[in-house]
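Here is the structure we will look at, set down as structure tokens.
Since every read-out is calculated from the coordinates, none of them should be taken as a lab result. The structure displayed is predicted, hence computed values, not measured ones. All Cβ positions, even for glycine, are placed from backbone atoms using ideal geometry, and neighbour counts span all protein chains on display.
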Amino acid sequence: MLTTRQKHGLHLLWLSQARSWIRHQVPLLGSIIAGRPEFQDGCMDGCVDIDPATLRLPKNTRTFALKVRGDSMRNAAILEGDIVIMEFREAKHGDIVAALIDGETTLKRFIVQNGTAYLRASNPKYPDLIPARELVIQGVLIALLRLSER
């Protein structure tokens, strides 16, 4: 059994190690639907602490986080309640993206086929989304955080 002094020493050690990896705060900009697109007004809901070295982020990478709602990306192992870390950058074919499609936001896979860009869910119950007017990529997925239930 640990003494009070030993427990205190372990706590201080843990705090010093924990502080050493918390180096970057990513703004949590609300939630994103992984389902049918919907209108979303941006609001900041705090920050998520990450270690840029673990995520292999170059310095000055522009990132943001979103909490996932819905099940359209479940076959890509993205579940309701997960937090996705997104990077502002150009999307490539196959990337998972936060996108604005015809004025509504969603989290989907970016597909380019025969010169046409559209969005695809990772759940067969959702159809492909082909933009009628516009498709704007807001961010590309670089990490996924999942908190275990207690």
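Could you size up the charge dipole of the range 63-150 around its Cα centre, putting +1 on the beta carbon of Lys and Arg and -1 on that of Asp and Glu, and report it in debye to the nearest 20? The partial results should precede the final answer.
Values: 12 positive and 11 negative charges, 40 e Å.
So the dipole magnitude of the range 63-150 works out to roughly 200 debye.
Test of understanding: ordering Arg56, Arg109, Arg120 by Cβ neighbours within 10 Å, fewest first, what list do you get? Walk me through the numbers before you get to the answer.
Values: Arg56 9, Arg109 21, Arg120 18.
Ordered by Cβ neighbours within 10 Å, fewest first: Arg56, Arg120, Arg109.
Tally Lys/Arg at +1 and Asp/Glu at -1 over every other residue whose Cβ is under 14 Å from the Cβ of Asp95; what's the total? Let's see the in-between values first.
Details: positive: Arg89, Lys92, Lys108, Arg109, Arg120; negative: Glu87, Glu90.
That sum, taken over residues with Cβ under 14 Å, equals +3.
Length gain on complete extension for the stretch Leu79 to Thr116, per 0.36 nm per residue less the alpha carbon to alpha carbon distance? It would help to have the intermediate numbers written out before the result.
Numbers: separation 37, 0.36 × 37 = 13.32 nm, distance 2.78 nm.
The Leu79-Thr116 span can extend by a further 10.5 nm.
Rg to Rh for the range 24-145: what is it, with Cα atoms only and Rh by Kirkwood?
Details: Rg = 13.7 Å, Rh = 14.5 Å.
Rg/Rh: 0.95.
If neighbour count is taken as other Cβ atoms inside 10 Å, put Ser148, Ser72 in order from fewest to most. Spell out each step's value before the answer.
On the way: Ser148 4, Ser72 27.
Ordered from fewest to most neighbouring Cβ atoms within 10 Å, Ser148, Ser72 come out as Ser148, Ser72.
Could you list Thr61, Thr105, Thr4 so that the one with the fewest beta carbons within 10 Å of its beta carbon is first and the one with the most is last? Intermediate results must be reported in sequence, preceding the final value.
Working: Thr61 15, Thr105 21, Thr4 7.
Arranged by neighbour count, lowest to highest, Thr61, Thr105, Thr4 become Thr4, Thr61, Thr105.
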